[in-house]
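Novice: I'd like to ask you about the structure that follows.
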Amino acid sequence: MFRYHRGWRRGIVSILASALFVNAVAFAFAASGQQSRMNTKVFRLKLGSSRVIYRPEAGSATISVSNAQDYPILVQGKIYGEDRKSVAPFIVTPPLSRLEAKQQSRLRIIQTGGQMADDRETLQWLCVAGIPPKDTDVWSEDERGRQATPSAVNVNLEVSAHECVKLLVRPSGVKGTSMGSASALRWQREGGKLRVTNPSPFYMNFASITVGGKEVPGIAYVAPGASRSVELPAGTAGQVQWKILTDEGGESHAFEAGLQ
């Protein structure tokens, strides 16, 4: 399962470039009279949750990771800041591990430093990569371990899975849940824009936003004490309704309010 983030376009370009290279190599060997075999390896990396709630007083948090393939893979986890670029003061253990076919393991997240707010949540990102094994050329050695003369060429295109989920650092001073504070969101119409303000200490992650029954895309979440604005579709009027994603990753019931 792939979750695309802001770098997904670069990943797609890389995959397409690799595919073009593979096709070129295969064509070259075909032109030389040698048979070619192209193997494409695409696989899923499944995390046990769409978000991790990290409570500093607990000292660590865990998340499960599953290998759905019939061959082993390498699993590597890293933590980044809200911008998904800067390195966050956390480590993932084990930092690199082998996960056997059809097996599940757990990654442990530990804070190593940094000053986090004690009155509101802080957003980090847990990114987990799954790295497939490289195929061994079947013609490289014979049954006695001697180098054999190839009669065919194996060309391998390997696509790694990469998934990022939210790591929400929730200090002990923050009580309750985002679900319990979602009704406090304030909505305003500013010209042709919709503005939402979050007075709560929680990150509000939206499952959907509609105004007068029309979907309003463009706001994935709003940080504690912050505001976000988005263009309203033409002709939009009426009540605003929203659903948020709960701590468990499910959708809340619909909340409703008038535009101020």
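The values are calculated or read from the model by the stated rules, or taken from the named source; none is laboratory data. Quantities reported herein were computed from a predicted structural model and do not represent experimental measurements. Positions of Cβ are generated from backbone atoms using ideal geometry, with glycine treated the same way; all protein chains shown enter the neighbour counts. For the accessible areas, the whole protein counts, side chains as well, though only heavy atoms, and no ligand, DNA or RNA atoms are used. Shrake-Rupley method; radii C 1.70, N 1.55, O 1.52, S 1.80 Å.
Novice: Of all the strands (runs of 3 or more DSSP E) wholly in segment 10-120, which have at least 3 residues that are modelled with pLDDT of 60 or more?
Specialist: 45-47, 51-54, 61-67, 73-80, 90-93, 96-99, 104-111
Novice: In addition: Checking W125 against (1) in contact with an Asp or Glu (Cβ under 9 Å, 6 or more places away or on another chain); (2) open to solvent by less than 60 Å² (accessible area, probe 1.4 Å); (3) in a loop (DSSP other than H, G, I, E, B), which test does it fail?
Specialist: Unmet condition: (3).
Novice: Residues that are over 29 Å from G77 (Cβ atoms) and either modelled with pLDDT under 85 or of a type in the set (A, V, I, L, M) (or both): does segment 193-202 have at least one?
Specialist: yes
Novice: With segment 164-260 as the region, which strands (runs of 3 or more DSSP E) entirely inside it contain at least 3 residues that are open to solvent by less than 60 Å² (accessible area, probe 1.4 Å) and closer than 30 Å to L107 by Cα? Give the derivation first.
Specialist: On the way: elements: 186-190, 193-197, 204-211, 227-231, 240-244, 255-257.
Once the strands (runs of 3 or more DSSP E) in segment 164-260 are filtered for at least 3 residues that are open to solvent by less than 60 Å² (accessible area, probe 1.4 Å) and closer than 30 Å to L107 by Cα, what remains is 204-211.
Novice: Here is a further query. Let me spell it out: the conditions are (1) outside any strand (DSSP E or B); (2) modelled with pLDDT under 95; (3) farther than 27 Å from Q260 by Cβ, and G130 meets all of them except one. Which number is the exception?
Specialist: The number of the failed condition is (1).
Novice: Quick check on my filter: what residues within segment 59-68 are surrounded by 13 or more Cβ atoms within 10 Å (Cβ to Cβ), in contact with a Leu (Cβ under 9 Å, 6 or more places away or on another chain) and of a type outside the set (V, I, T)?
Specialist: A61, S66, N67, A68
Yes or no, residue by residue, for (1) out of contact with any helix residue (DSSP H, G or I) (no Cβ under 6 Å at 6 or more places or on another chain); (2) under 19 Å from H162 (Cβ atoms); (3) surrounded by fewer than 16 Cβ atoms within 10 Å (Cβ to Cβ); (4) of a type in the set (S, T, Y):
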residue: I73; (1), (2), (3), (4): yes, yes, no, no
residue: K78; (1), (2), (3), (4): yes, yes, no, no
residue: D83; (1), (2), (3), (4): yes, yes, yes, no
residue: A88; (1), (2), (3), (4): yes, yes, no, no
residue: V92; (1), (2), (3), (4): yes, yes, no, no
residue: S97; (1), (2), (3), (4): yes, yes, yes, yes
residue: E100; (1), (2), (3), (4): yes, no, yes, no
residue: Q103; (1), (2), (3), (4): yes, no, yes, no
